[in-house]
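Structure first, commentary second.
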């Protein structure tokens with residue numbers, strides 16, 4: 001007999017109250033990897049939420065010999081990487097975390113070799129890692145592939161690198177490796193996401209020399225060493241976006257505290273086009289919505305500063321209650337429409353052309369209750385949003401996924417007057 005957790009949502013009620021935005025997972029994960037670079041001393045990172053992906057990263061760090069002390073109530077982690085002693089990354093952990101590739105530069109620098117099996121994360125189709133490996137090779141690493149990738153090397157020299165796609169982790173990986181490569185490195189077509197900029201600031205505080213932050217071209221001058229530091233990570237724009245869209249689909253009025261509005265300006269504009277009222281008051285957003293009869297919207301996902309692919313599933317849920325057809329085009333991942341089958345269980349009418357990356361949402365939908373099993377973080381967020389607008393009971397299973405990106409989600413929604421409860425079902429075997 002085993003217990004299986006799920007989230008039960010009884011929606012149809014407007015939201016009210018305030019919520020604080022959590023720390024950014026996508027900024028913190030590369031910071032954790034980079035905290036293995038200093039040869040002595042403890043680095044302290046603040047604003048670190050207890051997300052499943054972050055907890056897996058801690059386990060990887062401990063596996064290679066780092067001392068990791070995490071204080072969940074204070075959201076503070078202390079990392080001492082003085083005694084790293086192994087460079088093999090276990091498949092039991094890397095299969096759960098795609099960001100495990102971010103540990104390559106530090107282990108390569110400290111131990112001269114990394115053994116990396118498969119990497120996991122969200123099943124979003126082809127997410128090629130070749131440009132990571134090509135970049136390491138250009139800096140002087142040797143790459144071999146048998147049962148696992150083996151990246152090795154002792155001396156590294158700056159060079160010019162080009163990313164075929166402005167990848168988040170690709171930019172961070174090559175930026176880290178360039179920091180300990182002798183001479184000047186240039187990274188062309190780099191990602192310009194706010195999380196990459198925050199991570200670059202983290203490296204600069206450690207002693208790195210990086211120029212061009214927030215642009216598509218980064219210049220990195222290698223330095224002899226990086227030092228342990230204390231740093232406060234940025235807040236999570238994806239977490240802020242989830243609660244913005246929650247107010248939009250459920251109706252009511254809420255305050256979202258700790259938002260950098262310039263980082264999500266396109267989401268703000270798109271939601272306002274739909275009829276959601278958003279007022280910016282410094283780093284607080286006031287969001288109010290009728291929760292029905294929204295206007296349809298067109299969305300095209302693009303690299304930052306375009307419309308973020310991570311917001312696309314949530315906007316699809318919001319489009320379901322709009323009065324008319326919304327056109328949603330996905331141009332980042334070829335498997336980013338997995339939420340469609342789950343939304344259809346709830347009564348959504350969506351025409352899908354996956355080959356062309358196009359979904360046509362035919363609103364308005366009157367949601368009905370259903371038992372769902374989304375397969376990634378953002379699909380789970382999408383179904384959670386739909387459940388808030390559903391007057392019947394919605395069950396969301398596989399909740400490990402939503403816990404990868406949003407912590408304590410049920411209690412944070414309960415504080416906004418939503419009926420969102422974590423429960424256990426007993427399965428007899």
Original post:
Convex hull over the alpha-carbon atoms of the chain: what's its volume per residue in Å³?
Top reply: 136 Å³
Original post:
Extension gain residue 292-residue 358, at 0.36 nm per residue separation less the Cα-Cα distance, in nm?
Top reply: 21.4 nm
**OP:** Could you grab the relative contact order for segment 25-232? Cα pairs under 8 Å, six or more apart, rounded to a whole percent.
**Re:** 21 percent
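Quick one: length gained pulling residue 408 to residue 262 fully straight, 0.36 nm per residue minus the C-alpha distance?
49.9 nm
Arrange 168, 40 by Cβ neighbour counts within 10 Å, fewest through most, would you?
Values: 168 21, 40 11.
Listed from fewest to most nearby Cβ atoms, that is 40, 168.
I need the Kirkwood Rh of segment 1-81: take the reciprocal of the average 1/r across all distinct C-alpha pairs and report it in angstrom.
Details: mean 1/r = 0.0673 Å⁻¹.
One over the average 1/r among Cα pairs gives 14.9 Å for segment 1-81.
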Subject >> Cα-Cα P(r), segment 310-429, percent of pairs per 5 Å interval >> reply: 2, 11, 21, 24, 19, 12, 6, 2, 1, 0
Subject >> Cα centroid of segment 1-68 to Cα centroid of segment 330-353, whole Å >> reply: 27 Å
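Between residue 280 and residue 375, what length in nm is gained on full extension when 0.36 nm per residue of separation is reduced by their alpha carbon distance? Don't skip to the answer; put the middle values down first.
On the way: separation 95, 0.36 × 95 = 34.20 nm, distance 3.34 nm.
Taking residue 280 through residue 375 to full extension adds about 30.9 nm, to one decimal.
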**OP:** For an R0 of 25 angstrom, estimate the FRET efficiency from the Cβ-Cβ distance between residue 415 and residue 393 and round to the nearest 0.05.
**Re:** 0.75
Original post:
Which value at 222 nm does the chain reach when only helices count, each DSSP H run of 4 or more adding -39,500 (n - 2.57), with the total divided by all residues and rounded to the nearest 500 deg cm²/dmol?
Top reply: -9000 deg cm²/dmol
**OP:** Could you work out how far the C-alpha centroid of segment 305-328 sits from that of segment 263-302, in angstrom?
**Re:** 11 Å
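Bear in mind these aren't lab numbers, they're just calculated from the coordinates by the rules spelled out. Remember, predicted model here, so these are calculated numbers, not experimental data. Heads up, the Cβs are rebuilt from the backbone with ideal geometry, glycines too, and the neighbour counts pull from every protein chain shown.
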